[in-house]
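A short write-up of the structure that comes next.
The values are calculated or read from the model by the stated rules, or taken from the named source; none is laboratory data. As the structure is a computational prediction, the values presented were derived from the model and not from experiment. In this analysis, Cβ positions are derived from the backbone assuming ideal geometry, glycine residues included, and neighbour counts consider all displayed protein chains.
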């Protein structure tokens, strides 16, 4: 479980209490709110009211006008906090996990999403398996991009060749740029794909 889980749950309980007649400490709210806002992995899951309510007074104005009953307020807050708590409950989380997950959902491909989920699940317990799934994920994304562009590709296990073809299609091949910094960055990406290709077999 991620260390921030307890703090997010405490913030949820604090707001539920305040929304249902309790009197909470504004300093506690400010501290917990700042901790949540400072976590990059939670950025896309933070409820809008938490971003805009800088104090419990502002939160109260929001919640009292949105729902008239305590039951509605509790249910709303539990639902709003659930995505963050479920994410943190999974344990150690790299900042990019949720960002990449959201991006992958934009691909209309259940296969790509499944590969990413398996890579995340295996990262701590089975690092070699996670690398294999990362390789599968890269292959799936490359093939998806090429298919969307109507480009033919060789359906072989050569991931580096597949990536080069995809990079050229997206204008991300080092040879397509003259600026040295871009060539270095894009060359680094190609090198990473090569390592994943070799170690994910």
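Pull up segment 64-86, narrow it to residues that are surrounded by 14 or more Cβ atoms within 10 Å (Cβ to Cβ) and free of Cβ contacts under 8 Å to residues at least 60 places away in the same chain, then point me to the one that is nearest to the chain's Cα centre (by Cα).
Ranking the qualifying residues of segment 64-86, first place goes to 83.
Quick one: would you say residue 125 is part of a helix (DSSP H, G or I) and modelled with pLDDT under 90?
Taking the combined requirement at face value, the residue does not satisfy it.
Using the structure shown, decide if residue 118 is assigned by TED's automatic domain parsing to the domain that holds residue 138 and either part of a helix (DSSP H, G or I) or modelled with pLDDT under 70 (or both). Break it down stepwise before answering.
Details: assigned by TED's automatic domain parsing to the domain that holds residue 138: yes; either part of a helix (DSSP H, G or I) or modelled with pLDDT under 70 (or both): yes.
Yes.
I'd like to know if segment 74-86 contains one or more residues that are over 30 Å from residue 121 (Cα atoms), in a loop (DSSP other than H, G, I, E, B) and at pLDDT 85 or above.
Looking through segment 74-86, none of the residues is over 30 Å from residue 121 (Cα atoms), in a loop (DSSP other than H, G, I, E, B) and at pLDDT 85 or above.
Condition first: surrounded by 13 or more Cβ atoms within 10 Å (Cβ to Cβ) and not in a loop (DSSP other than H, G, I, E, B). Now tell me which residues in segment 164-186 satisfy that.
Correct list: 164, 165, 166, 167, 168, 169, 174, 176, 182, 183, 185, 186.
How many residues, within segment 14-34, are part of a helix (DSSP H, G or I) and either surrounded by 15 or more Cβ atoms within 10 Å (Cβ to Cβ) or in contact with a strand residue (DSSP E or B) (Cβ under 9 Å, 6 or more places away or on another chain) (or both)?
8
Filter segment 35-51 down to the residues that are surrounded by 13 or more Cβ atoms within 10 Å (Cβ to Cβ) and either in contact (Cβ under 8 Å) with a residue 60 or more places away in the chain or not in a helix (DSSP H, G or I) (or both) and list them by number.
39, 46, 47
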